[in-house]
Amino acid sequence: MELNVRNFSIIAHIDHGKSTLADRMLEYTGTISQRDMKSQVLDDMDLERERGITIKSHPIQMQYQHKDGKKYTLNLIDTPGHVDFSYEVSRSLAACEGALLLVDASQGVEAQTVSNAYLAIDNDLVIIPIINKIDLPGADVTSAIHQLMDLVGCDEKEIILTSAKSGKGLEDVFQAIIDRVPAPKSLPDEPLRALIFDSIFDSFRGAIAYVRIFDGEIKPGEIIRFFTNSSSYEVMELGYFKMGRVKTKHLVSGDVGYIVGGVKDISKIKVGDTITTKNKPAENPLPGYREIKPMVFSGMYPVDAEDFEDLRSSLEKMTLNDSSLFYEAETSNALGFGFRCGYLGLLHMEIVQERLEREFDQELITTMPNVRYQAIMKNGKMIEIHNPSYMPEAGDIERVEEPYVKAEIIVQSDYLGNILKLCQEKRGIYKTTHYLDTGKVQIIYELPLGEIVFDFFDKLKSVSRGYASLDYEPIGFRPGDVVKLDILINNEPVDALSWILHRDNSFFHGRELCSKLKELIPKQLYEVVIQAAIGSKIIARTTVKALRKNVTAKCYGGDITRKRKLLEKQKEGKKRMKQVGRVEIPQEAFLAVLKMEH
Amino acid sequence: MKKLSLYIHFPFCLKKCRYCDFYSESFDLPKVDKWLDALIREIDIWKTDYFDFKIYTLFFGGGSPNLLSSTQFIRLLESLKTAFDMSELTEFTVETNPVKRDREFLMLLKDTGVNRLNVGVQSFIENELQTLGRIHTVTDVFDMFENLDAVGFDHIGLDLIYGIPGQSIDSWRDSLSYALNCGVDHLSLYNLSYEEGTPLSKLLEQDKINPIDSDVEKQMYLEACQLLLENGYHHYEISNWAKPGSESRHNRAYWEGKRYLGLGPAAHSYDGKSRWWNVRSIDKYLELTKIGQLPVDSQEELTEQDREIEHLFLRLRTSNGLSRSQFENLFHIDFDRIINKLIKLNIDEEYWIFDGHRFKLTPGGWFVSDSIINTILGFIEEIRNDHKKS
């Protein structure tokens with residue numbers, strides 16, 4: 001029996017109208033009344049709405065009355081729209097049979113259009129190509145059609161033209177979902193296999209798994225087991241998604257829904273893992289599970305040392321909802337007690353830091369981000385380095401390996417030369433270029449992630465006048481001639497300023513960092529010597545001369561209050577400094593390296 | 001015996017100097033009369049509060065108090081004598097600019113008990129006086145001192161400014177030696193500061209003047225310290241030198257946290273617990289005194305912490321420095337702990353001296369004293385936080 005169910009996602013580059021299209025579909029199917037409609041209802045964090053990006057997927061079920069007289073259940077699984085979350089995107093796609101590939105008519109195909117399309121193809125999804133925003137003045141529908149045909153190898157007549165804003169073409173989209181996306185296979189009698197594509201934490205029910213049931217069925221009271229860990233839980237509640245969660249008696253092969261199993265720790269529910277039952281276990285998990293590991297790290301310290309515990313509890317709360325965020329306590333000689341945090345990527349890092357400041361009211365000093373390195377030691381052991389200051393002695397290391405990514409850049413062909421030059425400068429290995437149509441070109445490079453983390457994205461935008469789009473995926477570790485650059489202030493190394501970088505860049509960057517620090521460190525009562533060193537070799541040196549004068553010359557006439565207030569103001573400024581040895585360093589200095597001009 | 005220092009602010013000048021941020025308006029004789037009426041009313045309001053105090057020092061500043069007429073000066077003095085007990089007045093200072101003024105007026109001052117004159121010379125170099133926007137010339141200064149010699153005051157103070165745009169080490173040395181030749185027993189050398197809102201600080205913002213490099217200013221200061229020491233002057237406060245026994249008692253009262261009452265617009269007062277200041281507007285001042293109200297703008301109650309900070313910075317400004325026992329009584333912290341933390345400050349240059357009882361700043365230390373004081377305040381906070389934790 002074929003199920004009247006369709007499971008699908010919408011994939012697109014940022015700002016191509018994914019959330020607007022989802023909103024229109026919800027409205028059209030009466031899933032949400034127009035009255036309750038906020039724009040982009042599916043992005044429920046403020047931050048997401050502000051940035052117009054989706055961070056977390058939020059599934060929803062719609063009922064659609066087809067012209068053929070049958071009623072269909074449509075499960076829309078929204079996907080995060082950024083490169084950092086590509087694994088999550090891929091698992092959401094794995095839960096579907098089809099994907100709407102949305103392209104903005106004025107922008108054409110962009111980097112994430114391509115990477116998302118490939119993810120969908122890898123997951124054997126039926127792709128429905130859609131060109132959106134056709135009403136916009138800058139729309140170039142013909143060019144967009146050619147780019148899409150080239151990208152997914154489809155016929156022109158397969159492409160649907162829409163304006164999600166006005167609702168134009170919406171009916172065609174629904175038609176295509178029913179007609180082209182295959183119904184899920186119905187295998188209700190097999191042992192249970194449910195794919196976890198997301199999870200959230202609910203303060204009353206604990207961690208909740210969002211699942212797609214591939215095989216079998218599940219009811220409350222049954223004992224479930226996760227494939228990646230042996231612990232088992234009793235199903236307390238099941239349901240599917242409307243605007244909120246709706247309880248149900250069972251979920252069956254083909255369904256998309258949620259499972260509450262009294263799991264207290266969200267890290268037990270791993271995206272991509274398979275759930276089966278204890279009584280009738282499946283032999284093998286669903287394919288595609290990967291342990292996700294943070295790619296980018298940075299130190300995070302409270303501005304006021306007394307807020308350390310506060311920061312810890314905020315991080316704890318954050319990880320309840322974001323299991324991809326990693327943190328562990330660390331100490332720094334300059335910044336005191338804090339945390340080393342690991343993120344999926346740069347955007348993820350920015351989001352975490354911004355949420356901590358906004359939602360949790362934390363005042364933070366964050367250190368320069370770095371990637372994860374692998375040091376292969378002379379004794380054959382491998383050490384992972386998350387923090388530059390833990391880099392082993394050079395003499396003990398056989399070699400260091402650094403993470404590489406395959407970067408895909410799409411840009412107007414006028415800027416091709418600039419982009420190639422930039423990628424070469426960033427130690428890129430050229431792979432291919434591919435013309436999407438006459439005006440646009442796709443460039444593939446292999447690049448060290450460490451270079452991307454540094455300032456690649458800003459540069460990319462500046463050499464292409466903002467046109468270039470970038471996507472990347474990790475492709476493993478490769479040996480690299482990287483060294484640790486230390487900054488010494490009055491001969492004391494400042495751990496929070498250590499930096500791992502390529503040997504060829506170290507001399508230049510060392511000198512530059514010293515001069516930036518010289519600008520940022522105010523004159524003190526003694527001379528401050530700033531040095532950059534690799535191992536014991538000093539490669540750059542500069543000094544901040546001793547303060548010559550800081551005196552209130554006149555103190556007569558009895559206006560002592562004003563003099564006191566001037567002193568207090570100076571004292572307040574001093575309080576916000578961090579002490580290294582006898583030198584006071586302002587907070588901005590710890591991010592100096594990011595503010596360098598190149 | 002309860003002692004009180006009295007300050008009177010005369011808020012008029014012929015022309016405002018470009019660096020000055022003290023309150024003054026342009027001179028207008030009828031308005032001076034109104035100011036005097038108002039001042040007498042203010043004296044009247046206060047006299048009951050201070051009936052049992054003896055006025056210890058009296059300082060008549062401004063503005064340019066030398067613009068007062070003899071009649072006005074006598075009227076002011078009479079009302080002071082009626083209201084307050086002046087029987088034990090030890091020091092009576094009048095500030096004056098070196099402008100042409102008849103000898104009779106100076107005689108009058110001397111005869112009515114003024115025993116100290118403070119002359120705002122500022123520089124002996126013509127173009128430096130112009131940069132500062134002073135109305136007098138170098139010749140006026142010499143004329144003034146000729147008159148002063150003839151009248152014969154007990155004590156004369158002379159003020160100079162260093163760090164004037166265009167000033168050189170050499171021109172500063174010249175000013176200093178002219179000042180020494182005047183034979184005064186008190187010298188105040190102030191480093192020019194660019195106070196917000198003054199014409200001079202606006203010129204600086206607009207890049208129209210070149211400020212003197214702080215290394216040069218420090219050299220000017222240290223050379224002056226050496227020269228005045230050799231000439232028998234006692235360096236008793238950051239910017240003040242005197243022949244032994246001629247230190248300004250009035251200013252000392254400020255620095256030692258004694259009581260003072262300020263009369264006139266923008267004058268500050270302190271009674272040991274709180275500090276208040278008068279309105280900074282002659283019109284407001286006239287208005288309030290007319291209806292019998294105190295012309296006070298605001299008042300602040302000093303907290304324990306305020307008092308601590310003031311004690312620290314005022315004492316460290318003076319050559320007596322900070323007494324260990326007073327510090328320990330006030331802060332309840334063993335002074336050795338501060339010294340241990342401070343030792344690193346003396347590595348590059350000697351900024352302070354401690355003989356076990358008194359902690360004093362050297363001239364080099366004085367020149368960075370705001371930073372040193374803040375460092376010590378930071379240590380005090382650290383020590384207290386450690387106490388809390390343990």
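The values are calculated or read from the model by the stated rules, or taken from the named source; none is laboratory data. None of the values given here were measured: they were computed from a predicted structure. Here the Cβ positions follow ideal geometry from the backbone for every residue, glycine too, while neighbour counts run over all protein chains shown. Remember, those area values only see protein heavy atoms, side chains included, never the ligands or the DNA or RNA. Shrake-Rupley method; radii C 1.70, N 1.55, O 1.52, S 1.80 Å.
Worth pointing out:
- Condition met for A:R245 (out of contact with any helix residue (DSSP H, G or I) (no Cβ under 8 Å at 6 or more places or on another chain) and not β-branched (V, I, T)): yes
- Candidates A:K578, A:K569 - the one that is away from every other protein chain (no Cβ under 12 Å), under 30 Å from B:R315 (Cα atoms) and of a type in the set (K, R): A:K578
- Here the strands (runs of 3 or more DSSP E) wholly within the stretch A:476-576 that include at least 2 residues being open to solvent by 50 Å² or more (accessible area, probe 1.4 Å) are A:537-544.
- The stretch A:544-566 residues that are more than 7 Å from chain B (Cβ to nearest Cβ), paired with ones that are of a type in the set (A, V, I, L, M) and assigned to a loop (DSSP other than H, G, I, E, B) (beta carbon under 7 Å, 6 or more apart): A:V544/A:I521
- Qualifying residue in the stretch A:289-302 (condition: touching a helix residue (DSSP H, G or I) at 6+ places or on another chain (Cβ under 9 Å), β-branched (V, I, T) and open to solvent by less than 10 Å² (accessible area, probe 1.4 Å)): yes
- Selection status of B:Q326, assigned to a helix (DSSP H, G or I), open to solvent by 70 Å² or more (accessible area, probe 1.4 Å) and at the interface with chain A (Cβ under 10 Å from one of its Cβ atoms): no
- Within the stretch B:273-300, the only residue that satisfies the criterion of being of a type in the set (G, A, S), open to solvent by 20 Å² or more (accessible area, probe 1.4 Å) and within 11 Å of chain A (Cβ to nearest Cβ) is B:S298.
- Hits in the stretch A:341-366 (condition: open to solvent by less than 10 Å² (accessible area, probe 1.4 Å) and farther than 20 Å from A:P474 by Cβ): A:L356, A:I365
- Only a single item in (1) assigned to a helix (DSSP H, G or I); (2) of a type in the set (A, V, I, L, M); (3) out of contact with any Leu (no Cβ under 8 Å at 6 or more places or on another chain); (4) open to solvent by less than 30 Å² (accessible area, probe 1.4 Å) is not met by B:I373, and it is number (3).
- In the condition set (1) at pLDDT 95 or above; (2) assigned to a loop (DSSP other than H, G, I, E, B), B:I135 is compliant with all but (1).
- When we screen B:E88, B:E78 for residues that are surrounded by fewer than 17 Cβ atoms within 10 Å (Cβ to Cβ) and in a loop (DSSP other than H, G, I, E, B), the only hit is B:E88.
- Looking only at residues in the stretch B:349-369 that are closer than 20 Å to A:K563 by Cα and free of Cβ contacts under 8 Å to residues at least 24 places away in the same chain, the one that is farthest from the other protein chains (Cβ to nearest Cβ) is B:G365.
- Residue within the stretch A:159-182 that is within 30 Å of the chain's Cα centre (by Cα), among the acidic types (D, E) and surrounded by fewer than 19 Cβ atoms within 10 Å (Cβ to Cβ) present: no
- Among the conditions (1) open to solvent by 50 Å² or more (accessible area, probe 1.4 Å); (2) at pLDDT below 95, A:M391 misses just one, which is (1).
- The stretch A:183-208 - residue that is within 23 Å of A:N279 (Cβ to Cβ) and in a strand (DSSP E or B) and, of those, nearest to the chain's Cα centre (by Cα): A:I196
- Of all residues in the stretch A:122-147, those satisfying the criterion of being open to solvent by 10 Å² or more (accessible area, probe 1.4 Å), closer than 20 Å to A:G439 by Cα and among the aliphatic types (A, V, I, L, M) are A:I134, A:L136, A:A139, A:V141, A:I145.
- Residues located in the stretch A:89-121, provided they are free of Cβ contacts under 8 Å to residues at least 60 places away in the same chain and either surrounded by 24 or more Cβ atoms within 10 Å (Cβ to Cβ) or outside any loop (DSSP other than H, G, I, E, B) (or both): A:A105, A:Y118, A:I121
- Pick from the stretch B:329-348, criterion surrounded by 15 or more Cβ atoms within 10 Å (Cβ to Cβ) and within 11 Å of A:L525 (Cα to Cα), ranking: farthest from the other protein chains (Cβ to nearest Cβ): B:N346
- Residue check for A:I585: touching a Phe, Trp or Tyr at 6+ places or on another chain (Cβ under 8 Å), buried (at least 16 other Cβ atoms within 10 Å of the Cβ) and more than 12 Å from chain B (Cβ to nearest Cβ): no
- Filter result (among the small types (G, A, S) and open to solvent by 20 Å² or more (accessible area, probe 1.4 Å)) within the stretch A:402-434: A:S413, A:G417
- When the criteria are applied in full, B:Y270 meets the requirement of being modelled with pLDDT of 95 or more, open to solvent by less than 70 Å² (accessible area, probe 1.4 Å) and in contact with a Lys or Arg (Cβ under 9 Å, 6 or more places away or on another chain).
- Being of a type in the set (G, A, S) and within 8 Å of another protein chain (Cβ to nearest Cβ) is a property that A:A532 lacks.
- Condition met for B:T318 (away from chain A (no Cβ under 11 Å), touching an Asp or Glu at 6+ places or on another chain (Cβ under 8 Å), under 21 Å from A:K554 (Cβ atoms) and not hydrophobic (A, V, I, L, M, F, W, C)): no
- Residue among B:D154, B:D143, B:D111 that is open to solvent by 30 Å² or more (accessible area, probe 1.4 Å) and in contact with a Pro (Cβ under 8 Å, 6 or more places away or on another chain): B:D143
- Meets criteria (touching a strand residue (DSSP E or B) at 6+ places or on another chain (Cβ under 8 Å) and either of a type in the set (K, R) or at pLDDT 95 or above (or both)) for A:I213: yes
- Test result for A:I539, at pLDDT 90 or above, touching a Gly at 6+ places or on another chain (Cβ under 9 Å) and more than 30 Å from B:I238 (Cα to Cα): yes
- Checking A:D458, A:D396, A:D437 one by one, the residue that is more than 27 Å from the chain's Cα centre (by Cα), acidic (D, E) and open to solvent by 70 Å² or more (accessible area, probe 1.4 Å) is A:D396 and no other.
- Odd one out for B:H234 among (1) within 14 Å of chain A (Cβ to nearest Cβ); (2) surrounded by 15 or more Cβ atoms within 10 Å (Cβ to Cβ); (3) not β-branched (V, I, T): (1)
- Count of residues meeting criterion [in a loop (DSSP other than H, G, I, E, B), in contact with a Leu (Cβ under 9 Å, 6 or more places away or on another chain) and closer than 18 Å to A:L286 by Cβ] in the stretch A:218-244: 1
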